[in-house]
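Heads up: the structure comes next, in structure tokens.
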Amino acid sequence: NSGISSNHSNREILGMLEQQRLKYIEHDKALSRYEGMFSDLELRLQCQETASYNGVLIWKIGEFKERRKQAVEGRILSLYSQPFYTSRYGYKMCARAYLNGDGVGRGRHLSLFFVVMQGDYDEILKWPFRSRVTLKLLDQVRHNQDLVDAFTPDPNSSSFQKPTSPMNIASGCPLFVPLSKFENPNEPYLKDNAIMIQVSVDVSDLDTTSST
């Protein structure tokens, strides 16, 4: 009888341990879900804190030499900036940079592109996107020798139509800046291993309450 009772007790203990194990797994899954939710919320808050709503993006790319090396080795070919907007309810945009160049600029130039993104208020905006875009590599030393390029969107290009996916095809300057500008220590564009890019959209003729 004592043997039967002992086996019964062992089964009860094993059953209790299994229940505790299952509870632990459920708690672990719940914790992972909450951590994911908090990470997503933190990322959204960071984007909101760094986003601008006046059509101007200032993008600091740090660890430039290391990231350029990654691009040369083919590991990370391009980088995206944080989103920025023409107004609180306006167009959503970002920039895309190839630190070792793209297309005709590969290996010789930094390529910089402008991207129209899918936004929350696209239904009340006018399409295609037509505002002039100015790209600058900022002079971080003398502040008077920015390297500038600009373009007016082609209204027939798919890059400037109302987005049907998270990002339209990027458009911009594959030959934006010669990579030699970052190898000469006398050049004012690479400081503390970081470059500064400015993208400006002309919002002077935009009606913030535009409708299609």
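Among what's in the stretch 71-83 and is open to solvent by 50 Å² or more (accessible area, probe 1.4 Å) and outside any loop (DSSP other than H, G, I, E, B), pick the residue that is nearest to Val203 (Cα to Cα).
Tyr80
Looking only at the stretch 108-130, count how many residues are hydroxyl-bearing (Ser, Thr, Tyr) and either within 28 Å of Leu77 (Cα to Cα) or at pLDDT below 95 (or both).
1
Within the stretch 131-165, how many residues are closer than 15 Å to Leu110 by Cα and surrounded by 14 or more Cβ atoms within 10 Å (Cβ to Cβ)?
Selection size over the stretch 131-165: 7.
When you scan the stretch 166-179, do you find a residue that is over 20 Å from the mean Cα position of the chain (by Cα), open to solvent by 40 Å² or more (accessible area, probe 1.4 Å) and over 23 Å from Leu77 (Cα atoms), even just one?
no
Can you find a residue in the stretch 143-157 that is under 26 Å from Asp205 (Cβ atoms) and among the small types (Gly, Ala, Ser)?
Yes; the residues of the stretch 143-157 include at least one that is under 26 Å from Asp205 (Cβ atoms) and among the small types (Gly, Ala, Ser).
When you check Leu206 against the structure, is it at pLDDT below 95, surrounded by 14 or more Cβ atoms within 10 Å (Cβ to Cβ) and not charged (D, E, K, R), yes or no?
Numbers: at pLDDT below 95: yes; surrounded by 14 or more Cβ atoms within 10 Å (Cβ to Cβ): yes; not charged (D, E, K, R): yes.
When the stated conditions are applied, Leu206 passes them.
Among the residues of the stretch 84-99, is any surrounded by fewer than 21 Cβ atoms within 10 Å (Cβ to Cβ), free of Cβ contacts under 8 Å to residues at least 24 places away in the same chain and closer than 19 Å to Val203 by Cα?
Taking every residue of the stretch 84-99 in turn, none turns out to be surrounded by fewer than 21 Cβ atoms within 10 Å (Cβ to Cβ), free of Cβ contacts under 8 Å to residues at least 24 places away in the same chain and closer than 19 Å to Val203 by Cα.
Can you name the number of the only condition in (1) open to solvent by 30 Å² or more (accessible area, probe 1.4 Å); (2) part of a loop (DSSP other than H, G, I, E, B); (3) closer than 17 Å to Phe176 by Cβ; (4) not aromatic (Phe, Trp, Tyr) that Lys60 fails?
Against the list (1) open to solvent by 30 Å² or more (accessible area, probe 1.4 Å); (2) part of a loop (DSSP other than H, G, I, E, B); (3) closer than 17 Å to Phe176 by Cβ; (4) not aromatic (Phe, Trp, Tyr), Lys60 comes up short only on (2).
Considering only strands (runs of 3 or more DSSP E) fully contained in the stretch 104-205, which possess at least 1 residues that are under 20 Å from Tyr89 (Cβ atoms), touching a residue at least 40 places away in the same chain (Cβ under 8 Å) and of a type in the set (S, T, N, Q)? I'd like the intermediate steps shown before the answer.
Working: elements: 109-117, 133-137, 147-151, 171-178, 195-201.
Ranges flagged: 195-201.
Go through the stretch 100-114 and report how many residues are open to solvent by less than 10 Å² (accessible area, probe 1.4 Å) and of a type in the set (A, V, I, L, M).
Residues of the stretch 100-114 open to solvent by less than 10 Å² (accessible area, probe 1.4 Å): 101, 105, 110-112, 114.
Retained after the next criterion (residues that are of a type in the set (A, V, I, L, M)): 110, 112.
Within the stretch 100-114, residues that are open to solvent by less than 10 Å² (accessible area, probe 1.4 Å) and of a type in the set (A, V, I, L, M) number 2.
The values are calculated or read from the model by the stated rules, or taken from the named source; none is laboratory data. In this text, all values refer to a predicted model and were calculated from it rather than measured experimentally. Note that we place each Cβ from the backbone using ideal geometry, even for glycine, and neighbour counts take in every protein chain shown. These area figures cover heavy atoms from the full protein model, side chains too; ligands, DNA and RNA do not enter into them. Shrake-Rupley method; radii C 1.70, N 1.55, O 1.52, S 1.80 Å.
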